[in-house]
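Note sheet for the following structure.
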Amino acid sequence: MHELDHYIYPHRVLHWLVALGVVLSLASGLTLGFLGFERLVELIGQSVTNALYTAHKTLGITLLLLMTLRIITRLAFVVPDHDPPLNAFERIVSTSVHHLLYLALVVMPVLGALATATGGFPVQFFHWTLPNILGKNEALSEALFLWHERFGWAIIVLITLHVSGALYHWWIKRDNVMKRMSLFD
Ligand code: HEM
Ligand code: HEM
């Protein structure tokens, strides 16, 4: 198949890396959010709990870096035309969901990092701790964590719409939409 039937290969790789990363960060984030630090320590011990927080933060910051690369590969290279073309409804809904996903996946890690830093907790990225330029502010941290949670739910809704759309094109309409992002054909 001709290359222009697909997004460029690096953009497709980034799509699937981000998809995997988002699922893992939602799963780890919801575990932290629902159980909380004390309950987790009771269940899995102090060191595994700390590792889970570090993994969630590292994953989130990695996603911010991947999203930055992805925005570059999206803006710098030609996007293939839809063949057959999408109808107006499909075009408006899919473009809105894609743009909102881009926005949410950049805002989400920034909220997480700022909420963590203003709460006086370390913003860990692998074995490094990023400098805290904001200082401690518990009220601000609480507000930012609330928005981190709200954006989490928004991302879940957007991904549900997005995956439903992808599966509709792949299994019901059987058009070429899935191929555009596929790594294998
Ligand atoms: C779980 C997290 C996911 C996120 C955050 C995500 C995000 C996105 C975004 C933002 C786009 C717009 C294309 C671009 O400009 O980069 C896109 C395209 C696409 N995604 Fe996903 N995606 C996810 C999962 C999936 C899954 C599980 C599937 C398949 C079942 C899928 C199939 C597609 C397809 C086929 C396109 C191309 C749509 C088109 O060309 O109009 N995505 N995705
Ligand atoms: C795209 C990236 C990210 C996603 C999808 C994500 C997702 C989530 C979700 C869904 C929650 C549960 C919210 C709740 O129920 O309270 C959560 C909690 C949390 N996130 Fe993230 N997160 C991301 C990035 C980050 C980053 C970069 C940091 C910090 C550097 C971070 C720190 C935290 C912390 C500390 C919690 C626990 C909050 C609590 O105990 O209430 N997150 N995350």
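Could you name the aspartates and glutamates whose alpha carbon sits less than 15 Å from that of Lys179, not counting residues in the same chain fewer than 8 places away?
Those aspartates and glutamates meeting the cut-off are Glu3, Asp5, Asp81, Asp83.
Counting only helical runs of four or more DSSP H residues, what would the 222 nm mean residue ellipticity of the chain come to if each run contributes -39,500 (n - 2.57) and the total is spread over all its residues? Display every interim value, and only then the final one.
Numbers: 5 runs with 133 residues, N = 185.
When only DSSP H runs of four or more count, the value is -25500 deg cm²/dmol.
In which sequence would His127, His169 go, from the one with the fewest C-beta neighbours within 10 Å to the one with the most?
In increasing order of surrounding Cβ atoms, one gets His127, His169.
Taking loop as defined by DSSP and a crowding limit of 14 other beta carbons within 10 Å, which chymotrypsin sites (Phe, Trp or Tyr not before Pro) in segment 15-120 fit?
Sparse-neighbourhood loop chymotrypsin sites (Phe, Trp or Tyr not before Pro): Phe77.
With Rg and the Kirkwood Rh both taken from Cα atoms, where does Rg over Rh land for segment 9-58?
In segment 9-58, Rg relative to Rh is 1.15.
Please enumerate, by chain and number, the aspartates and glutamates with C-alpha under 15 Å from the C-alpha of Lys57, excluding those fewer than 8 residues away in the same chain.
Cross-link targets: Glu149.
From the C-alpha gyration tensor of segment 106-185, pull out the three semi-axes of the equivalent ellipsoid (sqrt of 5λ each), sorted largest to smallest, in whole Å.
38, 16, 7
Compute a Gaussian network model of the chain, connecting alpha carbons closer than 10 Å, and tell me which residue from Ser141, Ser25, Ser164 fluctuates the most.
Ser164
Using the number of other C-beta atoms within 10 angstrom as an exposure proxy, rank Lys136, Lys57 with the fewest first.
Numbers: Lys136 12, Lys57 26.
Final ranking by Cβ density, sparse to dense: Lys136, Lys57.
Find, to one decimal place in angstroms, the Kirkwood hydrodynamic radius of the chain, where the mean of 1/r is taken over every pair of different Cα atoms and then inverted.
The answer is 18.2 Å.
Just in segment 106-185: which chymotrypsin sites (Phe, Trp or Tyr not before Pro) are loop by DSSP and have at most 11 other Cβ atoms within 10 Å?
Phe126, Phe184
So what is the relative contact order of the chain, in percent, for Cα pairs below 8 Å that sit 6 or more residues apart?
Relative contact order for the chain comes out at 28 percent.
Please name which of Ser94, Trp128, Ile155 has its Cα lying farthest along the dipole of segment 62-185 towards the positive end, using unit charges on Cβ (Lys, Arg +1; Asp, Glu -1) and the Cα centre as origin.
About the Cα centre, the residue reaching furthest to the positive side is Ser94.
Read-outs throughout are calculated quantities, based only on the coordinates presented, and are distinct from any laboratory measurement. Note that the coordinates shown come from a computational prediction; the quantities given were computed from them, not determined experimentally. Note: ideal-geometry Cβ built from the backbone for every residue, glycine included; neighbour counts use all protein chains shown.
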